[in-house]
Amino acid sequence: MSEAIAFDTHRFVKRLTQTGFTETQAEALADEQVRLLNTNLATKENLLQLEGRLRERMVKLKGDMEWQMAELKADLLKWMIGAMIAQTGVIVGLIFGFMKLFMGT
């Protein structure tokens, strides 16, 4: 497994021993620091894999959204055509009604 970041353990141990830690204490802290960094930080490879998965999901969502839009358009057209037919029927009925009323036919 590749390390998450480059961590200079020698420099870390040297700095700790200069400030009063024993070499054993400093080495133990350096080892723990490396372990924590490697288990908690994402590598470039991790980020690239995540980016790939996100791109796949975005493409899938876009396709799903286009499919839903097509279905909504079809439903809207059905309703509009139905409403136009109903309005035409009402207008024709009104015309015949007015003709009977005013022409007495």
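The values are calculated or read from the model by the stated rules, or taken from the named source; none is laboratory data. Small disclaimer: the values here were computed from a predicted structure and weren't measured. Positions of Cβ are generated from backbone atoms using ideal geometry, with glycine treated the same way; all protein chains shown enter the neighbour counts. Quick note on the areas: whole protein, heavy atoms, side chains included, nothing else; ligands and nucleic acids left out. Shrake-Rupley method; radii C 1.70, N 1.55, O 1.52, S 1.80 Å.
Answer yes if at least one residue in segment 26-33 is in contact with a Ser or Thr (Cβ under 6 Å, 6 or more places away or on another chain) and in a helix (DSSP H, G or I), and no otherwise. The answer is yes, given that some residue of segment 26-33 is in contact with a Ser or Thr (Cβ under 6 Å, 6 or more places away or on another chain) and in a helix (DSSP H, G or I). Checked against (1) among the polar types (S, T, N, Q); (2) open to solvent by less than 100 Å² (accessible area, probe 1.4 Å); (3) under 27 Å from the mean Cα position of the chain (by Cα), GLN25 meets all criteria but (3).
Okay, residues lined up against (1) free of Cβ contacts under 8 Å to residues at least 24 places away in the same chain; (2) within 30 Å of ALA6 (Cβ to Cβ); (3) open to solvent by less than 100 Å² (accessible area, probe 1.4 Å):
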{"site": "ASN38", "(1), (2), (3)": "no, yes, yes"}
{"site": "LEU50", "(1), (2), (3)": "yes, yes, yes"}
{"site": "GLU66", "(1), (2), (3)": "yes, no, no"}
{"site": "LEU72", "(1), (2), (3)": "yes, no, no"}
{"site": "ILE81", "(1), (2), (3)": "yes, no, yes"}
{"site": "ALA86", "(1), (2), (3)": "yes, no, yes"}
{"site": "GLY93", "(1), (2), (3)": "yes, no, yes"}
{"site": "GLY97", "(1), (2), (3)": "yes, no, yes"}
{"site": "PHE102", "(1), (2), (3)": "yes, no, no"}
